[in-house]
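Notes for the one structure printed next.
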Amino acid sequence: MDHPLVVPVLAISVLLASCGSVRSAPPLDPRAELLALHEEVMQAHRESNVDLLLRSEAPDNVSANRGQITQPTLDVRRARFREYLGKTRFTEYIDLVPPVVRVSNDGSLGWVVVQVRGAGVQTTQDGGSQPLAFESAWIELYERRGGRWYRVGNVSNFKP
């Protein structure tokens with residue numbers, strides 16, 4: 001060990017050997033990421049949690065339902081969901097079929113197509129309550145921005 005290069009070479013060898021044993025996390029499957037975001041939407045409804053519902057919502061979100069296309073601000077969406085979820089308690093909010101998930105070839109866009117059943121009670125304007133039950137299908141549209149998925153659109157309809 002009298003040679004001046006032995007210690008640095010030995011140190012570099014140990015460092016390289018230890019780096020080889022460190023495993024990096026495998027990249028996340030984008031479809032699994034989108035399914036997790038859909039589950040957040042479902043959980044948010046079951047818990048009446050507006051913040052969770054809007055956590056992945058893009059400020060420039062576009063919505064199409066009831067024959068209209070709208071682009072309400074995040075504040076307007078927050079107020080609408082706060083009113084709706086504030087007076088609604090779900091006893092059931094479930095996927096009726098497994099969600100269909102697709103991701104574009106370049107990984108920048110994704111969508112989740114779902115069919116959901118909801119049931120519970122909703123407070124009326126006079127303070128009473130009424131049962132609530134529906135089936136709905138929708139498409140959640142996602143865009144990857146800065147390495148994170150954002151919900152950028154929703155097209156929904158209710159079963160008559």
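The values are calculated or read from the model by the stated rules, or taken from the named source; none is laboratory data. Bear in mind that the values here come from a model prediction, so they are computed numbers and not experimental data. Methodologically, a virtual Cβ is constructed for each residue, glycine included, from the backbone with ideal geometry; neighbour enumeration extends over all protein chains shown.
Answer yes or no as to whether residue 154 is more than 18 Å from the chain's Cα centre (by Cα) and either of a type outside the set (Lys, Arg) or at pLDDT below 95 (or both). No, not satisfied. Just one of the listed residues (47, 143, 135) is charged (D, E, K, R), at pLDDT 95 or above and more than 16 Å from the chain's Cα centre (by Cα), namely 135. For the condition of a type in the set (Phe, Trp, Tyr) and either under 19 Å from residue 36 (Cα atoms) or assigned to a strand (DSSP E or B) (or both), residue 150 qualifies.
Sub-6 Å Cβ pairs linking a first residue in segment 97-114 that is touching a residue at least 60 places away in the same chain (Cβ under 8 Å) to a second residue that is hydroxyl-bearing (Ser, Thr, Tyr) and crowded, with 16+ Cβ neighbours inside 10 Å, at least 6 apart or interchain, are 110/142, ordered by first then second residue.
For segment 38-69, a tally of residues being more than 20 Å from residue 99 (Cβ to Cβ) and among the basic types (Lys, Arg) returns 1.
Has segment 54-62 got any residue that is within 22 Å of residue 130 (Cα to Cα) and hydrophobic (A, V, I, L, M, F, W, C)? There is no residue in segment 54-62 that is within 22 Å of residue 130 (Cα to Cα) and hydrophobic (A, V, I, L, M, F, W, C).
Tell me which residues, restricted to segment 129-146, are assigned to a strand (DSSP E or B) and farther than 16 Å from residue 37 by Cα. Listed by number, the residues that qualify are 129, 130, 131, 132, 133, 134, 135, 136, 137.
Just wondering, is there one or more residues in segment 84-101 that are out of contact with any strand residue (DSSP E or B) (no Cβ under 9 Å at 6 or more places or on another chain) and more than 21 Å from residue 39 (Cα to Cα)? Among the residues of segment 84-101, not one is out of contact with any strand residue (DSSP E or B) (no Cβ under 9 Å at 6 or more places or on another chain) and more than 21 Å from residue 39 (Cα to Cα), which makes the answer no. When 140, 57, 47 are checked against the criterion of being more than 17 Å from residue 154 (Cα to Cα) and either charged (D, E, K, R) or without any contact (Cβ under 8 Å) to a residue 40 or more places away in the chain (or both), 47 stands alone in meeting it.
Look at (1) out of contact with any helix residue (DSSP H, G or I) (no Cβ under 8 Å at 6 or more places or on another chain); (2) among the aliphatic types (A, V, I, L, M); (3) under 18 Å from residue 40 (Cα atoms) and you find that residue 132 fails only one, number (3).
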